[in-house]
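Visitor: Quick one: the structure is below, and I'll ask about it shortly.
The values are calculated or read from the model by the stated rules, or taken from the named source; none is laboratory data. Every value quoted in this text rests on a predicted model; they were computed, and no experiment measured them. Quick reminder, even Gly has a Cβ in these numbers, built from the backbone with ideal geometry, and neighbours come from all protein chains shown. Side chains included, ligands, DNA and RNA excluded: accessible areas come from the protein's heavy atoms. Shrake-Rupley method; radii C 1.70, N 1.55, O 1.52, S 1.80 Å.
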Amino acid sequence: MSMVRFLTTLLAILCPLSAGAITLAPRDIIVLDGLLDAVFRVDPITGDRTIFSSASVGTGPGIEQALGIAVEPGGTVLVSGTSDFITGWIYRIDPATGNRSVVSSAAVGAGAALVNPQDLVVSPTGEIYVADGQVDALFRVDPMSGNRTVVTSSTIGSGPVADNLLDLVLGSDMDAFVIDSNAVFRVDLLSGDRELVSAVSFPSVGTIGSGPSFNFLNGVAITNEGTLVAVDRILNTIFGVDPLTGNRTIISNNAINAGTGLANPLDIAVDADGDLLVVNQTSMALVRVDPLTGGGAFVSIGGSVGSGPGFGEPSRVAIVPVPESSTASLWLVGILILRMAHLGGVPKRLRSSQRARSVT
């Protein structure tokens, strides 16, 4: 077992978190809840849930109608949303306090306005990329000034145009993959040019890739091997998509994953071990799916797995990334010290269930 995994597990056992006392660690799972207008931290080992920003936790602008979530390299959390689908915004959340501040909005930052920012991602250098479903544009947002630049839209860049952008993920070579409900596109982040990666009977293009058709894609991620994975909320299915050929395969659905099932899955993320994390809106659960077998297990669900307030309608998921191995252990040791300081020192005795828990 790696030192990073060991220290992450040690954090979960020795220093469970309470509301308003959050220090995010690598592998922590962040869940946006659209019904509760709240942001959860979920412990990846125990499934324990903690709300660290909401109407009652933290100060600053409210996160009603929040749509997307991402984690910045420094450990702060970004939330995107809309005010009645007229003006969009991006807020930054300090996990230690839950306080929210404006990064970009109609009043902060220059450039074309956000309207319906469905989701956002952060590059390793801190640049923010946002998929706006109302104007069908991919934006680049400066994390300091809030200035907005349109990377691609119906008037910027060439290639087929998406209809109602719903999610995005960064590739490895100055490109991004974006989805609408029925197609996957590649976007060149320098030129704004678009290429259809996978779709069936796309207008004026036709079919790209073989395999079963999409029905209503809502979330996309990329595996450690470079395969795209996307959730279909109507088919209750996780698709794998080859970014080179566009071929589509079914990784999991309710015939394969009969144990936990997929119930209106709205988003997907890939953890450091390659497992798929899916938020199920209907079952109000976070599910981990094995990408090889398609089998799943609940990570967190109110009243069953994990303690803390239950989800209302979990809508987006993000994972705190694991830093480079040379710094990850030092970072985790520092977080461990901070959490112990908050709790007043290392607990003298662990609960029997914690003493018996094996570290895997």
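Visitor: Pairs please, first residue from the range 44-67 and touching a residue at least 60 places away in the same chain (Cβ under 8 Å), second anywhere and open to solvent by 30 Å² or more (accessible area, probe 1.4 Å) and among the aliphatic types (A, V, I, L, M), Cβ atoms under 7 Å, 6+ apart in sequence or on different chains.
Guide: Pairs that qualify, where the first residue is touching a residue at least 60 places away in the same chain (Cβ under 8 Å) and the partner is open to solvent by 30 Å² or more (accessible area, probe 1.4 Å) and among the aliphatic types (A, V, I, L, M), are Gly47/Val305; Thr50/Leu17; Thr50/Ala19; Ile51/Ala19.
Visitor: While we're here: When the range 253-274 is examined, which residues are found to be closer than 23 Å to Gly171 by Cβ and either open to solvent by 40 Å² or more (accessible area, probe 1.4 Å) or hydroxyl-bearing (Ser, Thr, Tyr) (or both)?
Guide: Residues satisfying the conditions are Ala272, Asp273.
Visitor: Considering the range 89-121 alone, what residues qualify as being of a type outside the set (A, V, I, L, M, F, W, C), at negative phi and either touching a residue at least 60 places away in the same chain (Cβ under 8 Å) or open to solvent by 50 Å² or more (accessible area, probe 1.4 Å) (or both)?
Guide: Arg92, Asp94, Pro95, Thr97, Asn99, Ser101, Asp119 - these are the residues of the range 89-121 that are of a type outside the set (A, V, I, L, M, F, W, C), at negative phi and either touching a residue at least 60 places away in the same chain (Cβ under 8 Å) or open to solvent by 50 Å² or more (accessible area, probe 1.4 Å) (or both).
Visitor: State all residues of the range 276-292 that are under 15 Å from Thr260 (Cα atoms) and open to solvent by 30 Å² or more (accessible area, probe 1.4 Å); if no residue qualifies, say none.
Guide: Gln281, Thr282, Ser283, Met284, Arg288, Asp290, Pro291
Visitor: May I pose another question? Scan the range 293-326 residue by residue and report those that are polar (S, T, N, Q) and open to solvent by 40 Å² or more (accessible area, probe 1.4 Å).
Guide: Answer for the range 293-326, where residues must be polar (S, T, N, Q) and open to solvent by 40 Å² or more (accessible area, probe 1.4 Å): Thr293, Ser304, Ser307, Ser325, Ser326.
Visitor: Next question. From Asp142, Asp136, grab the single residue that is farther than 26 Å from Pro321 by Cβ and among the acidic types (Asp, Glu).
Guide: Answer to the selection: Asp136.
Visitor: Let me ask another. Every residue in the range 252-275 that is assigned to a strand (DSSP E or B) and under 30 Å from Pro323 (Cβ atoms), please.
Guide: Those that are assigned to a strand (DSSP E or B) and under 30 Å from Pro323 (Cβ atoms): Ser252, Pro265, Leu266, Asp267, Ile268, Ala269, Val270.
Visitor: Further question: Among the residues of the range 78-101, what is the count of those that are in a loop (DSSP other than H, G, I, E, B) and among the small types (Gly, Ala, Ser)?
Guide: Count: 2.
Visitor: Name every residue in the range 8-54 that is modelled with pLDDT of 85 or more, surrounded by fewer than 21 Cβ atoms within 10 Å (Cβ to Cβ) and not polar (S, T, N, Q), in order of residue number.
Guide: Scanning the range 8-54 gives Leu24, Gly34, Leu35, Leu36, Asp37, Ile45, Asp48.
Visitor: So Pro124 passes all but one of these: (1) under 19 Å from the mean Cα position of the chain (by Cα); (2) at pLDDT 95 or above; (3) open to solvent by 30 Å² or more (accessible area, probe 1.4 Å). Which condition number does it fail?
Guide: (2)
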